[in-house]
Amino acid sequence: MATIAPIFGNQMYVGAAEGQGGVRAQNTLGKDAFLKLLMAQLRNQDPLEPIGNTEFIAQLANFSTLEQITNMSTNMEGFLRHQHQHTALVAANTIGKEIETIGGHKGTVSGVSIEAGGVYLIVGDDKIAFGDIKEIRGIGN
């Protein structure tokens, strides 16, 4: 009888692998996993042939780089979320105003749609990307 590795018997893993929810599979290691691997390598190294200084410094440099990239990614996500919110607020101020797009479409904005792909203005039955607006004319301003 074959022995099954513990991860393959875990329902969260099986659900994710079969597309039924659970934890999303990742193809990259995070900084915590990298540090755990480095510590395991240090604990289990051959005492007669320990890891060389050059290789150890290279691994620490890799860890430092990974940490900085992770921090930069987190900061970029926050910036983009803030930018998306700001765009949505500006777009909401166009409700009731006449717009013209780069492509020449004209009309009065009746609403705003915030979607994963961006912010859209509702003009009649059309959704127009906020970035496609060429001109906004206020009514009664």
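None of the figures in this text is laboratory data; all of them are computed from the coordinates on show. What you see is a predicted model, and the numbers here were worked out from it, not measured in a lab. Heads up, the Cβs are rebuilt from the backbone with ideal geometry, glycines too, and the neighbour counts pull from every protein chain shown.
Before moving on, here are some points about what is shown:
- For segment 35-49 and segment 71-141, distance of Cα centres in Å: 54 Å
- Close amide-amide hydrogen proximity is noted between Val112 and Ile122, each under 5 Å apart and 5 or more residues distant or on a separate chain (H modeled in the peptide plane; Pro and chain starts excluded).
- Shape annotation for segment 68-141: C-alpha extents along the principal axes are 49, 24, 18 Å, from largest to smallest.
- Placing pseudo-labels 7 Å out from each Cα toward the beta carbon at Met72 and His86 gives an inter-label distance of 2.1 nm.
- When the Cα positions of Ile102, Ile136, Leu121 are compared along the charge dipole of segment 94-141, Ile136 comes out farthest toward the positive end, with charges on each C-beta of Lys, Arg, Asp and Glu.
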